[in-house]
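J.: First the structure, which I've put down as structure tokens, then a few questions once you've had a look.
The values are calculated or read from the model by the stated rules, or taken from the named source; none is laboratory data. All values reported here derive from a predicted model rather than from experimental measurement. For neighbour counting, all protein chains shown are included, and Cβ atoms are generated from backbone atoms with ideal geometry for every residue, glycine included. Protein only, heavy atoms only, side chains kept; ligands, DNA and RNA dropped before computing areas. Shrake-Rupley method; radii C 1.70, N 1.55, O 1.52, S 1.80 Å.
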Amino acid sequence: MERLPSWIRQHLAALRALLVLTLILGAAYPLLVTGIAQAVFNGNANGSIVRKDGKDVGSALVGQKFTDAEGNPVGKYFQSRPSAAGDGYDMLSTSASNLGPEDVVDVLPVPGAKDAEGDPDGGRQSLLTQVCARSKAVGELEGVSGARPYCTPDGVGAVLKVFPAVGAPVRAVSVNQACPAVPFVAEYRGVKVECGRPGEDYAAGRTVPVRGDARAVVPADAVTASGSGLDPHISPAYAELQAPRVARERGLPLETVRRLIEENTAGRSLGFMGEPGVNVLQLNLALDKG
């Protein structure tokens, strides 16, 4: 070995180090960690699978929809929060909407127009309009007010485009309410408010969100998706809002439903991190179990 050229000795040393580290870090360590996980945390290591009548029905770590074939909420089940992961809770498309709080102006669909794939143009809803539409839908489902600040009564963002952008307005448009809708306010600083016209360019106008005097009853997690799009929990407030409907649909005392909510509420991590959450899948299974 001593007679070998130095560059060969260096390569052999590197090869030995590669083989040793591969055995330790690529085989022994993963096998050790996997073995400990299977022995001590078997359920968590295998995906926290939830079973019913001997069949896998989901994971305690991943949310899912409780809707019928047409996408309508099933009344006897608690509903999950919205999801931006694919068509909803798709683990292969986990993501947020990537829309920020300043995304308040819709792109109205143009009748007869086609998108890039040749399908009818559906426009694009802003984050604000998505929140408003969800709040309105939840309010109708639960029999409460779905109104909230910066939303119109018909469930879109209450946003005006004002022209000129500086100085006294000469024109005001409710850009998220397509004609022939009646604008949510009749006037803005003495100027009559117009409905939005699909295809018209309002980019030059000043964006004016209008807060209104509505007070939100529907909780925030009922109208916004989680960062991963997979969160299986809802807030206790959202569960409490749904409790009367579920109790009525199932013919159960409201107190029974509230007790099940409490039993399926997880506290803060380590006692102080995050907020309490209700696991929707486990709660619905508890309801089915009776």
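J.: Express the relative contact order of region 204-289 as a whole percentage, based on alpha carbon pairs under 8 Å and six or more residues apart in sequence.
T.: Once divided by the residue count of region 204-289, the mean separation gives 27 percent.
J.: Of all accessible surface on region 1-139 at a 1.4 Å probe, what whole percent is carbon and sulfur?
T.: Answer for region 1-139 is 60 percent, counting heavy atoms of protein chains only.
J.: If you don't mind, there's one more thing I want to ask. Measuring with a 1.4 Å probe in the full set of protein chains, what accessible area per residue, in whole Å², belongs to the chain?
T.: Heavy-atom SASA per residue in the chain reads 60 Å².
J.: Can you give the angle from 0 to 90° between the axis of helix 127-142 and the longest principal axis of the chain, with both taken from C-alpha atoms, to the nearest 10?
T.: Roughly 80 degrees between the two axes.
J.: Could you give the length gained by full extension between Val74 and Gln38, i.e. 0.36 nm per residue of separation minus their alpha carbon distance, to one decimal place?
T.: Result: 9.3 nm gained on full extension.
J.: A follow-up question, please. Placing one identical point scatterer on every Cα of region 1-149 and ignoring solvent, what is log10 I(q)/I(0) from the Debye formula at q = 0.13, 0.19 Å⁻¹?
T.: The calculated log intensity ratios at q = 0.13, 0.19 Å⁻¹ are -0.88, -1.32.
J.: Oh, and also: Remind me, relative contact order of region 98-222 in percent, using alpha carbon pairs under 8 angstrom and six or more residues apart?
T.: 26 percent
J.: First check a/c for region 105-179, with a ≥ b ≥ c the square roots of the eigenvalues of its C-alpha gyration tensor; if it is under 1.5, answer rounded, and if not, answer prolate when a/b is larger than b/c or oblate otherwise.
T.: Taking the square roots of the gyration eigenvalues as a ≥ b ≥ c, region 105-179 is oblate.
J.: Arg81: net charge of surrounding residues, Cβ under 9 Å, Lys/Arg +1, Asp/Glu -1, itself excluded?
T.: Around Arg81, the surrounding residues sum to -2.
J.: Between Val257, Val162, Ala204, whose Cα lies farthest towards the positive end of the dipole of the chain when Lys and Arg beta carbons carry +1 and Asp and Glu beta carbons carry -1, centred on the Cα centre?
T.: Val257
J.: Please compute the length gained on full extension between Leu25 and Arg211, using 0.36 nm multiplied by the number of residues separating them and subtracting their Cα-Cα distance.
T.: Full extension of this stretch gives 61.2 nm more.
J.: Pairs of alpha-carbon atoms within less than 8 angstrom and 6+ residues apart define the contacts here; what relative contact order does the chain have, in percent?
T.: With pairs under 8 Å counted, the relative contact order is 19 percent.
J.: Over all alpha-carbon pairs of the chain, lay out the pair-distance distribution in 5 Å bins, whole %, shortest bin first.
T.: 1, 5, 8, 11, 13, 12, 10, 8, 7, 6, 5, 4, 3, 3, 2, 1, 1, 0, 0, 0
J.: On to the next question. Going by Cα centres, region 65-140 and region 233-279 are how many Å apart?
T.: If you average the Cα positions of each part, the centres end up 25 Å apart.
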